[in-house]
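Just below is one structure, and these are the notes that go with it.
The values are calculated or read from the model by the stated rules, or taken from the named source; none is laboratory data. Nothing here was measured: the structure is a model prediction, and the numbers come from that model. FYI the Cβ positions are ideal-geometry reconstructions off the backbone, even for glycines, and counts take in every protein chain you see. To get the accessible areas, we keep the full protein, side chains included, count just its heavy atoms, and leave off ligands, DNA and RNA. Shrake-Rupley method; radii C 1.70, N 1.55, O 1.52, S 1.80 Å.
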Amino acid sequence: MISNKKNNDNKENRLLNTAFKLFTEKGIKDTSIQEIVDDASVAKGTFYLYFKDKYEIRDILIAKKSEKLFNDALASLRKNYISNFSDQIIYIINYVIDELTKNPILLKFISKNLSWGIYNKTVQKIYENAELKEDGLYNVFMKGIKDNNIKLENPDVTLFMIIELVSSTCFNSILYKDPLPIEEFKPYLYSTIRRFIEE
């Protein structure tokens with residue numbers, strides 16, 4: 001029974017990895033489900049066991065990739081002693097921005113959908129894993145607000161706004177240097193994020 005589950009997980013991961021490779025090489029529009037299953041060496045019927053269509057696999061990939069960015073940032077934060085809550089959030093955001101700057105293919109794929117790693121309902125259904133949820137950015141943010149007695153009218157909305165702000169502005173700043181190159185833009189972004197949290 002265990003080997004069967006492992007085999008199923010392996011097929012799903014092959015489909016996800018293959019779809020990501022094809023989507024980033026050819027674009028979603030020009031990638032067919034047949035190409036994904038051929039490259040992943042699975043039957044077409046197997047694709048539909050896991051995904052409704054290629055847009056669902058795209059959405060899951062965006063959410064997983066953005067979630068991984070935040071989890072990697074949190075892992076890095078834990079290796080550094082930063083006691084100030086605003087500094088912790090800036091550290092996480094800076095880490096994510098630097099990773100996206102190093103990987104423009106990933107940036108273009110995620111596009112302006114960075115918040116999906118935390119707020120996408122599809123991914124929340126996939127991860128019914130309490131350990132992942134407890135260690136995720138959402139819970140770290142909520143705990144930080146509570147522990148530091150920060151009075152926010154709606155912390156959930158504040159976190160969403162921070163991530164959406166980072167996602168939309170950094171996409172243009174990294175790829176097109178608009179309104180400024182990313183390193184010049186960061187101080188403006190970070191002072192705005194601090195105001196979101198500290199006011």
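G45 meets all of the listed conditions (1) under 28 Å from S168 (Cα atoms); (2) in a helix (DSSP H, G or I) but one, namely (1). Within segment 78-117, the residues that satisfy the criterion of being open to solvent by 20 Å² or more (accessible area, probe 1.4 Å), in contact (Cβ under 8 Å) with a residue 40 or more places away in the chain and of a type in the set (S, T, Y) are T101, S111.
Residues of segment 32-42 that are part of a helix (DSSP H, G or I) and either free of Cβ contacts under 8 Å to residues at least 24 places away in the same chain or in contact with a His (Cβ under 9 Å, 6 or more places away or on another chain) (or both): I33, Q34, E35, I36, V37, D38, D39. Taking first residues from segment 168-189 that are touching a residue at least 40 places away in the same chain (Cβ under 8 Å) and partners that are of a type in the set (S, T, N, Q), the Cβ contacts under 6 Å between residues at least 6 apart in sequence or on separate chains come to I174/T101; I182/T101; I182/S173.
Would you kindly identify the helices (runs of 4 or more DSSP H) lying entirely within segment 95-186 that contain at least 2 residues that are modelled with pLDDT of 90 or more? In segment 95-186, the matching helices (runs of 4 or more DSSP H) lie at 104-110, 137-147, 155-176.
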